1. Within segment C:80-99, identify whether any single residue is over 25 Å from C:Leu254 (Cβ atoms) and outside any helix (DSSP H, G or I), and answer yes or no.
2. Regarding E:Ser376, is this residue within 14 Å of chain B (Cβ to nearest Cβ), on the phi < 0 side of the Ramachandran plot and polar (S, T, N, Q)?
3. Any idea which residue in segment E:97-150 is nearest to E:Ser215 (Cα to Cα), counting only those that are among the polar types (S, T, N, Q) and more than 28 Å from the chain's Cα centre (by Cα)?
4. For segment B:22-40, state whether one or more residues are in contact with a Pro (Cβ under 8 Å, 6 or more places away or on another chain), within 7 Å of chain E (Cβ to nearest Cβ), surrounded by fewer than 23 Cβ atoms within 10 Å (Cβ to Cβ) and within 29 Å of E:Leu338 (Cβ to Cβ).
5. Can you tell me which residues in segment E:621-651 are facing chain D (nearest Cβ under 10 Å), more than 21 Å from E:Glu605 (Cβ to Cβ) and part of a helix (DSSP H, G or I)?
6. Taking strands (runs of 3 or more DSSP E) that fall entirely within segment E:83-192, which contain at least 3 residues that are among the aliphatic types (A, V, I, L, M)?
7. Against the definition (of a type outside the set (A, V, I, L, M) and either under 30 Å from E:Ala326 (Cβ atoms) or touching a helix residue (DSSP H, G or I) at 6+ places or on another chain (Cβ under 9 Å) (or both)), how does E:Lys574 come out, yes or no?
8. Checking E:Asp377 against (1) part of a loop (DSSP other than H, G, I, E, B); (2) of a type in the set (D, E, K, R); (3) touching a helix residue (DSSP H, G or I) at 6+ places or on another chain (Cβ under 8 Å), only one condition comes out false. Which one?
Amino acid sequence: MQELIKKAKALLESGEVARVLGWKKGEYEYDPEPAFFETAESLKDFVYNGFCGANLSKYMIEAGKKEGKTLVFLKPCDSYSYNQLLREHRVDREKAYIVGVGCKGKLAVSKIPFEGILNISGSEYPDAAETLTVETLYGTQTIAYKDAMLERCHVCKGKEHVVYDELIGESADTVDADRFAEVERIEAMSPEEKFAFFQSELSKCIRCNACRNVCPACSCRKCVFDSTAFDSEQKANTTSFEEKMFHIIRAFHVAGRCTDCGECSRVCPQGIPLHLFNRKFIKDINALYGEYQAGSDLESKAPLTNFTTEDAEPGVGRG
Amino acid sequence: MNKVEEIKLISGVNPLKCMKCGKCSASCPSFNEMDIKPHQFVTYVINDDVEALAQSKSAWKCLSCFACIERCPRDVKPGKLIDAARQILIRQRDQEGLSPDEIPALLDEEIPQQLLMSAFRKYRR
Amino acid sequence: MKYSYFPGCTLRNKAKDLDDYARACAEKLGFSLEELTDWQCCGGVYPLGADEIASKLPSVRALNAAKEKEQDLVAVCSACYHVLKRVNDDMANVADIQTRANNYMQLDTPYTGETKVLHYLEVLRDVVGFDKLKEAVVNPLTGRKVGAYYGCLLLRPSNVMAFDDPENPTILEDFIRALGAEPVMYPYRNECCGGYISIKEQDQAAGLCKKIVSSAEGFQADCLVTACPLCKYNLSKNSTLPIVYFTELLAEALGIKEAQE
Amino acid sequence: MPVTENWKPKIVAFCCNWCSYAGADLAGSSRLAYPADVKIIKVPCSCRVNPMFILRAFEKGADGVILCGCHPGDCHYSTGNYYARRRMTLLFSMLDYLGVEEGRTRVEWVSAAEGVKFSETMNSFVEKVRALGPNVRLGDLRCKN
Amino acid sequence: MRRIGVFVCHCGSNIAATVDVKKVVEMALKEQGVVHAEDYPYMCSEAGQVKIAEAIKEHKLEGIVVCSCSPRMHEATFRKCAERNGLNPYLVEIANIREHCSWIHKDMAEATEKAVILMRAAVAKVHLNAPLQAGESAVTKKALVIGGGIAGIQTAIDIADAGYKVDIVEKEPSIGGRMSQLDKTFPTLDCSACILTPKMVEAAAHENITIHTWSEVEKVSGFVGNFTVDIRKKARYVNMDKCTGCGVCQEKCPSKKPLNEFNRGLNTRSAIYTPFAQAIPNVPVIDANACIKLNTGKCGICEKFCQVGAIDYTQKDEIITEQYGAIVVATGFDTIKLDKYGEYAYNESKDVITSLELERIMNAAGPTKGHLERLSDGKAPKEIVFIQCVGSRCSDDRGKPYCSKICCMYTAKHAMLIRDKYPDTNVTVFYIDVRTPGKNFDEFYRRAVEDYGVNYVKGQVGKVAPQPDGSLMVHGVDLLENKQIVKKADMVVLATAIEPNPDVRKIATMLTASIDTNNFLTEAHPKLRPVESPTAGVFLSGVCQGPKDIPETVAQAGAAAVKVIGLLAKDKLKTNPCTAKADELRCNGCSQCANVCPYGAISYETKQVNDHGIREDRRIAVVNSALCQGCGACTVTCPSGAMDLQGFSNRQIIAEVDAICR
């Protein structure tokens, strides 16, 4: 972490960058949040630990409109999102100084099963402990680092950054699960079970738009759900259309563009596993049109703006 | 179900597709033995005249050589119709083309089992 | 290579030669025929009625037995081959027959046409290969002019049998050539011999057979080969030319016939 | 909605202008009947059909939605139906994944010359949707239980 | 709320017999914004249009819905009517209550209910229709004709005579097509070459016609008025400017093995060849597969003997790119392959031939120098059997379901010519039906029977059996006598079905012209627009559209030319205003739309926008409306809904969906 601050200070002081985009301390170790730092002085609040799961790439859209370069810290998975925004001309590479930072897996408070959490320690980067210490109202508890990790880190897409100016820090192997296992489990259900599962999950949605706001692919200047283009504009749940179809349409709009960064599920206050929609599309795309990882490069054709004459017919896989 | 419908069902053939080209009759090795010729057989089915077919000897003369089935350009396949008519005669009228009493006199030294089996299938229920 | 083998009723007695030579030649050519236990007669003719099940069951049993052995099913007799292949096609493609037959059979796994039905000649052509067969010949039948007689059952209806070109087949000619003899092409080799009609209408069968035989004679054939016991019976009664089973010719060329005699 | 005896499905058929709409016209001029439950919406090309239209139809009470376009390779705009094919493949797969009955969505390629195919397709599609009964799931995905 | 008028057509009884039109009117008046509704027996008639005109004025209509036949029939009629009366033509919508309703339903209540719903959907849509203005695009005053047979030649000459440039692309070394292979033509028996050659010469000499032989269309892009076409000029290995057509090279060429395509493979030709004596251009090509020099590097005899140095072994294929305003397809036909008709022994006997092969045998320039001979032994046939409908009128997978149309007449011609020239040769024709509709056609057939003694037998042939003595035993049937006929013949001629040239599929795909299940090109309307493809700017000439004889082909070729001339005579074409348009405030500039645009109509500009007071430079998609054809692929790719299609907007389609599901 100190190395990152040192780098940020140096660049700010030399004037090479006008600001730094990173994570800022919260009240506790477990609630840092994304922030811009304009002065070396302000970097005292900079933090980088296991709870810095937030993907900063989307903030680079706004950063690109400001004067001067922005230094941004991207974890390996975040760099895919940045690259995807780059190929969609949403960010200005010229105005970014990208430091690829190492990652040892990111944590979710929601995975820590203790009541009355006061603070958590042991997640400092790069010196994270095997075991996290959790102070609670009822005494100190411990939990293995791995057990508190975000779902996405168990199926991490790799330690490599796909875009950067400089790399700082090592990353760890965190993969210990099959990325599509949960999708396959659902696919194996009967239609009735599938429907019951999704109905119960989606019924939790309060349409807070957190998923949409955090998603790097959901960065339209004006979302269709906020516009008159489809008669689907009302934010309040007065039209049942967006009420019922929001998540399906959101998944379709990001299909072939979603890097599977998992932010949607991370931020959902209701704990809906929203990544299961995106991952279903990714799985289908891989199976039907060849392996494709959004954001991995700038040239390859995206699956939904491409075709072959021999593509599968709609309804493929139906009984 | 009337007889004609039954013939269509058993044969799986639509006789209305026939264009009367006669290729079946041109190909039939039993043509000269038949009173109702293969192409006419189709017409009789269309005209619902199963009675006449039942009276004719044609059904018993078809060799099941499938030449008409192979060559029919209209997918009518008269051989299938003829065999279906024969099935109906055997099943419903209890008619038999061969009675057990006749058989000993017909046998010779060399007759293969295949011939007896086939004959039973073709003539009897 | 091992095949399930369906000899058929006639090969058990009147056409013993056809059977014995087939097995012996198979061993010589590197494949073997394992006779199915408890096979039942195919019925001689394919039951044309689309609504008939009972008469198709013996074939289904044989087909399923081969499936359970994970073997292709080989027949030598044209009629058995014809019936097995057509019933197999029904089991694969006609839902009604498939359902009713399986309901009756009560198998653990329903039979849906998985078995591949082969004629002995197809094994020679597609598995052994006529080139290899030629190499295996020890007594080439040089100078012999042999007419192939196909009859109906091997070829028609071609969309199901898919054995060879229904009007201008070549498999037997290629076979004859491989044995060192000269195949004689004559136009009536796929015309009907009269089949079962000969039991009652011998004159009609005689007329048909004579047309076939005299055509072959006209093209200088000195014998005819067939794969069908009934064709052999009908033709033999009306022919000055010798009518032989193709396996007999094969055995002769492979040097097996002498050994057995 | 309970299935009543005179329940009739609502079926929306999106047809591309060049092939399938003309195929439907041919079915009409050839008097090839199909159920009146089918209502056709003309679009220039199958690639004009946004998944939102299909979801909208379901949400508004459609019981089945079918998309018809030119045969792959014969698109009036060369490539439109290829994109439509990928989009619908993914959309349908998602609907299947959500537990929506498979028979409610279909894509069929119908040329201007295929009046018979158009009619047969609509007959079989309607029959399937009728068998499924009223669409509850897609109208109801988020209803609180 | 717009003021909408609804007009319900009876179409005589076509609609009114099944749909209660009064009820549709009654229900229309209950729709929001509908201020006027009426029904009329024939809305498309003059009187019907007057009713619309009056209603526009009287009720100050701002949108119109006509419930009638398919928009493919009369949308243009009603739009023009609206325009004449001061209403933007794109404020007219058609509810198709005939093809999509009255003609397919029998129950009046059911059909009426559906018609009402279709009316509602159209009303809902028209509320959201925007008045659109058609743009204009320039017309390239030049036409392309694909195929240089009689159809293509005639079309080209007619267009050229009107003063427009025409290119003919022909894949063979010479123009002339099938007609050049024929000996005589029915029903007048004049010599085919005698009437075709002058046409070929006329085309070649015409100042407005450029002929590209030994060439193929490689790629087509653009649209009506503005096609861009890549043409592959295959290497000829002979310099066209230098060659004098003396023919010495062909005489001297030592490679004589390749089958002569022009003679249907009945004899052979040299590796360097012109297909026939009257070939245009009279410049040979080298068959690269057969040429010894090109394959082994040795030989070079033609080069040695060519006095003008026209041989050039280094020639390569060349691609040229040309612009055209209109394209005519005239790709013609071939006879079907007979491999699936083994019963006729076509592959077994040299004396079983197709009718087109007989044309070559009868022709003085053919393999037998015009003598009627058996190809097996050169003997004159004394007994000839013709078999009709070989591969025509078949519903199995061996042949074609249609009637090939020309066979009855050319068989009568062949029979007559043979009986005339060789009176001691007997001719028997096995037929299913003799079809002779056409001027002087039946008289011609009757002459064959009455004056020339041709024996017509109603029935088919089941088998042709080659005999040891070289004769052919024909096993047929006489259905009128009800007896089998076994006839010994010396020659059997098969009236083989014709099918569209196999290349037509590739060409149709390039042109995005539709094709039917038999590979014939589809007309824009089977009766009223028979020479136009549904694809604007693409026209049909000759057998590529359906079987036809020479007079019909020439007539259709002229009709296609007239349509082309009508197009080229315009300086500007009205373009379809239903094009895509990006909303600047919503566009992300992400480029996804450009990735799916088949016309390259979308580009990106940096523009300053004012988004609710925030001024900033943004990357914005811009649609070139002259290039955009309005498919809508971009609209669905756009996640923000910024890209929309005019005339088929998101809101319009959703309004229709909502109305139908209401």
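1. Checking segment C:80-99: at least one residue is over 25 Å from C:Leu254 (Cβ atoms) and outside any helix (DSSP H, G or I).
2. The answer is no for E:Ser376.
3. E:Gln133
4. Yes, because at least one residue in segment B:22-40 is in contact with a Pro (Cβ under 8 Å, 6 or more places away or on another chain), within 7 Å of chain E (Cβ to nearest Cβ), surrounded by fewer than 23 Cβ atoms within 10 Å (Cβ to Cβ) and within 29 Å of E:Leu338 (Cβ to Cβ).
5. E:Val636, E:Asn650
6. It comes to E:92-96, E:142-146, E:165-169.
7. On the way: of a type outside the set (A, V, I, L, M): yes; either under 30 Å from E:Ala326 (Cβ atoms) or touching a helix residue (DSSP H, G or I) at 6+ places or on another chain (Cβ under 9 Å) (or both): yes.
For E:Lys574, the condition - of a type outside the set (A, V, I, L, M) and either under 30 Å from E:Ala326 (Cβ atoms) or touching a helix residue (DSSP H, G or I) at 6+ places or on another chain (Cβ under 9 Å) (or both) - is met.
8. Only one criterion is unmet by E:Asp377, namely (3).
The values are calculated or read from the model by the stated rules, or taken from the named source; none is laboratory data. Everything numeric in this text was worked out from a predicted model, so none of it was measured. Cβ sites come from the backbone with ideal geometry, for glycine too, and all protein chains shown count toward neighbours.
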